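Inspection log for the structure reproduced underneath, given as structure tokens.
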Number of protein chains: 2
Amino acid sequence: MRKHNFNAGPSVLPEFTLEQTAKAVLDFNGSGMSILEISHRSKDFEAVLAETKALFKELLNIPDGYSILFLGGGASLQFCMVPFNLLNKKAAYLNTGVWASKAMKEAKLFGEVVEVASSKADNYTYIPKNFTVPEDVDYFHVTTNNTIYGTELKTDLSVNVPLVADASSDILSRPMDVSKYGLIYGGAQKNLGPAGVTFVIVKNDILGKVTRPIPTMLDYKTHIENDSLFNTPPAFGIFAILQTLKWIKSIGGINAIYKMNLEKAALLYEEIDRNPLFRCPVSVAEDRSIMNVCFVMNEQYKELENEFLELTKTKGIVGIKGHRSVGGFRASTYNALPKASVEVLVAAMQEFAKQKA
Amino acid sequence: MRKHNFNAGPSVLPEFTLEQTAKAVLDFNGSGMSILEISHRSKDFEAVLAETKALFKELLNIPDGYSILFLGGGASLQFCMVPFNLLNKKAAYLNTGVWASKAMKEAKLFGEVVEVASSKADNYTYIPKNFTVPEDVDYFHVTTNNTIYGTELKTDLSVNVPLVADASSDILSRPMDVSKYGLIYGGAQKNLGPAGVTFVIVKNDILGKVTRPIPTMLDYKTHIENDSLFNTPPAFGIFAILQTLKWIKSIGGINAIYKMNLEKAALLYEEIDRNPLFRCPVSVAEDRSIMNVCFVMNEQYKELENEFLELTKTKGIVGIKGHRSVGGFRASTYNALPKASVEVLVAAMQEFAKQKA
């Protein structure tokens with residue numbers, strides 16, 4: 001029996017991805033070898049890589065002039081690779097949470113960092129707006145979705161400097177105007193595949209403008225020139241991403257998945273708003289994430305948190321305990337989470353309210 | 001039908017590893033979730049990580065005072081992480097091939113690099129000996145096995161500075177006196193598991209001696225303090241490594257695998273030396289690798305190379321084309337390669353000699 005998996009990441013993947021990757025671990029494509037055993041320089045693997053890139057480009061409508069890379073090290077490594085490659089003197093960051101703060105910390109090793117706005121004082125319960133990005137910065141960095149706080153920057157900002165986005169937790173969950181970005185990166189382990197592979201979508205002409213020497217593996221140009229094959233890439237992860245991209249295409253592409261994500265999130269937020277036991281801590285409704293739905297118990301019911309968690313366990317629900325810095329609950333509703341899982345959670349919330357409210 | 005897989009890496013894995021990982025991709029441990037879907041902060045995954053480290057320590061006899069890390073980015077990322085963390089002023093390197101050269105190139109970004117010896121002028125056909133490591137260097141770096149040239153440094157050197165080894169292609173193939181090393185690193189994709197995970201075994205007290213600021217993800221101390229869980233690690237790769245370690249233990253541990261590796265290599269080298277068509281380009285017999293057996297056709301038979309490759313294909317043999325910088329053939333005989341595969345290759349060499357010599 002599959003669990004109702006609301007994990008924040010690594011998280012639920014399409015059954016198609018699991019079935020195809022399990023099959024390929026035993027035998028890839030009738031080759032007499034596992035996907036774990038084939039050379040990354042073989043024609044077979046080159047075809048996997050080419051198809052993954054082509055499908056990513058097609059689904060996200062990535063314009064020409066951008067490179068698509070698959071690297072190791074996680075989004076956390078990108079926190080230093082971005083300034084290594086792009087920060088000459090000054091960079092601007094929007095502080096929307098822990099991940100944005102971690103990215104800023106790394107950038108400070110390379111130059112001046114301007115925090116254009118922050119919602120830290122309010123425990124990151126909204127996305128700051130009406131800020132000004134200085135015109136003399138080398139880039140402006142945003143985190144599009146904040147897993148811990150359940151907030152999401154849902155618009156593609158228009159700025160006059162390269163826009164860099166950590167989209168680890170909402171990539172391919174909704175249409176994005178990639179042409180507005182200079183660089184988009186993220187770990188695969190939410191909407192794409194297993195942990196251990198990081199995608200980078202980079203506009204080629206924003207590179208080559210810093211003068212510092214960059215270690216070969218940390219230089220985006222190394223990976224562009226070698227098509228992610230400078231060294232052995234995380235091949236299994238790339239293969240798994242390909243399966244997920246095929247699945248997204250099979251169900252109708254990005255607009256279809258976006259519609260499903262909106263429906264799932266709406267179901268859950270409506271219940272949170274309606275249910276007397278719960279409330280959503282995100283203070284500005286339009287900033288509510290469609291990927292991570294955070295909710296807490298109303299003050300008078302606080303002591304029932306564990307009891308509710310126990311009830312959800314009996315329904316096969318896992319991963320809804322909130323991050324310790326926010327408390328309460330977090331239901332991550334990534335692409336692969338079935339609507340049926342949300343319905344089970346909503347039913348549990350209603351059942352608990354009947355007992356307690 | 002499984003191929004006789006002589007790939008240089010990614011390469012053959014134990015069938016046990018493939019079966020266990022395929023099963024866990026569909027369902028991990030009866031959890032109702034895939035190994036790709038469980039949280040890296042769950043008790044289940046923490047148990048996987050702890051068992052992997054404990055078994056690595058047991059099999060390789062790693063002394064106390066060393067940390068075992070599993071990171072992303074490949075051994076190529078270690079080429080810059082090593083000097084980032086260890087190089088204050090000067091480091092010494094032994095140049096035994098392309099990988100050693102690449103490691104040296106990165107180190108030069110951080111300080112002075114002394115090449116203590118090199119076999120480059122002879123196309124790396126032997127391991128230099130009788131060199132002196134300067135006493136004032138911060139560390140001495142060696143590549144224990146050179147996949148491209150089929151040479152191997154089989155002894156654990158005694159030096160008065162921290163000894164750093166890239167052991168990507170011979171880790172766990174033979175006993176190593178880890179206490180002689182300050183740091184051992186390598187990609188998993190030869191003897192341990194899939195590409196995308198890198199092991200680092202580091203003696204804790206060699207760290208903390210450089211003054212430069214180190215980006216968080218490139219600082220070994222970050223990963224030691226967080227037990228490889230600072231960010232989401234390549235969890236699937238770690239799980240696969242655990243299966244391989246269990247397999248090594250099940251067949252008798254490092255001494256048993258070493259004996260098997262010696263037997264496989266001996267079978268092949270004996271045939272190369274005996275067969276009138278072939279010769280081994282490694283110029284010093286004691287430097288012949290037991291992991292990558294390189295051989296070329298004798299001058300008068302050079303034009304038969306492709307014909308021999310075609311013959312081996314009919315026997316289910318893959319991956320024996322030599323690296324373009326050496327030519328000829330390379331049979332990688334990593335831990336998981338069955339002796340039966342070597343016997344099939346030897347038989348093909350004999351059959352071809354009967355036809356042609």
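Some observations on this one:
- Working note: Karplus 6.51/-1.76/1.60 with θ = phi - 60° gives the range B:172-180 the couplings 6, 8, 7, x, 10, 8, 4, 4, 7 Hz, where Gly and Pro are set to x.
- Highest-MSF residue in chain A out of A:PHE308, A:PHE131, A:PHE16 [GNM, Cα springs under 10 Å]: A:PHE131
- With label points set 7 Å from Cα along Cα→Cβ, the inter-copy distances at B:SER283 are 7.4 nm, sorted shortest first.
- Once the Cα gyration tensor of the range B:1-147 is diagonalised, semi-axes √(5λ) in Å: 37, 21, 14
- Size-normalised alpha-carbon gyration radius of the range A:253-356, reference 2.2 N^0.38 Å: 1.03
- Range of Cα positions in the range B:121-265 per principal axis (Å), largest first: 47, 41, 27
- Counted charge near B:LYS23, where neighbours are those whose Cβ lies closer than 13 Å (Asp, Glu -1; Lys, Arg +1): -3
- Amide hydrogen neighbours beyond the local backbone of B:GLU115, cut-off 5 Å, H modeled: B:TYR93
- Under the span-like rule (Cα at least 15 Å along the axis, Kyte-Doolittle mean at least -1.0), DSSP H helices of chain B: B:15-26, B:43-60, B:74-86, B:235-250, B:253-274, B:339-356
- Within chain A, helix-based [θ] at 222 nm, where runs of 4 or more DSSP H residues each add -39,500 (n - 2.57), nearest 500: -11500 deg cm²/dmol
- Mean partner shielding of peptide A:230-243, defined as the number of other chain Cβ atoms within 10 Å of each residue Cβ, is 5.
- Under 17 Å, Cα to Cα: Lys pairs in the range B:62-207, sequence gap 8 or more or different chains: 11
- What the phi angles of the range A:34-41 give under the Karplus curve with 6.51, -1.76 and 1.60, with θ = phi - 60°, is a coupling list of 7, 4, 7, 10, 8, 5, 5, 9 Hz, glycine and proline written as x.
- Legend: Rg and Dmax of the protein assembly as shown, from Cα coordinates, 26.5, 91 Å.
- Distance from the range A:289-306 to the range B:219-260 (C-alpha centre basis), Å: 38
- Inter-copy spacing of A:PHE131 label points, which lie 7 Å from Cα along Cα→Cβ, given in nm from shortest upward: 5.0
- Residues with amide H under 5 Å from that of A:THR151, placed H, sequence gap 5 or more: A:ASN146, A:SER289
- Under-5 Å amide H pairs with B:VAL293, H placed in peptide plane, nonlocal only: B:ALA331, B:SER332, B:THR333
- Inter-copy separations for B:ASP44, label at 7 Å along Cα-Cβ, nm, ascending: 2.9
- Ranking of B:SER101, A:SER250, B:SER168 by count of other Cβ atoms within 10 Å, fewest first: A:SER250, B:SER101, B:SER168
- √(5λ) per eigenvalue of the Cα gyration tensor, the range B:15-250, largest first, Å: 32, 20, 15
- Placing +1 on the Cβ of every Lys and Arg and -1 on the Cβ of every Asp and Glu, with nothing else charged, gives the protein assembly as shown a dipole about its Cα centre of roughly 240 debye.
- Ascending count of other beta-carbon atoms within 10 Å, so fewest first, for B:ILE251, A:ILE317: B:ILE251, A:ILE317
- Think of the protein assembly as shown as having a plus end and a minus end, set by charges on the Cβ of Lys, Arg, Asp and Glu; of A:GLY73, A:ALA22, A:ALA54, A:ALA22 sits farthest toward the positive end of this dipole.
- Here the simple spin-label model places points 7 Å from the Cα toward Cβ, and for A:ALA266 and B:VAL284 these points are separated by 7.4 nm.
- Check: the range A:181-297 dipole with +1 on Lys, Arg Cβ and -1 on Asp, Glu Cβ, in debye: 100
- Cα centroid separation - the range B:52-85 against the range A:22-93, whole Å: 25
- Proximal charge balance of B:HIS323 [Cβ under 11 Å; K/R count +1, D/E count -1]: +4
Read the figures in this text as sums done on the coordinates, not as results from a lab. Because the structure is predicted, anything quoted here is derived from the model rather than measured. In this analysis, Cβ positions are derived from the backbone assuming ideal geometry, glycine residues included, and neighbour counts consider all displayed protein chains.
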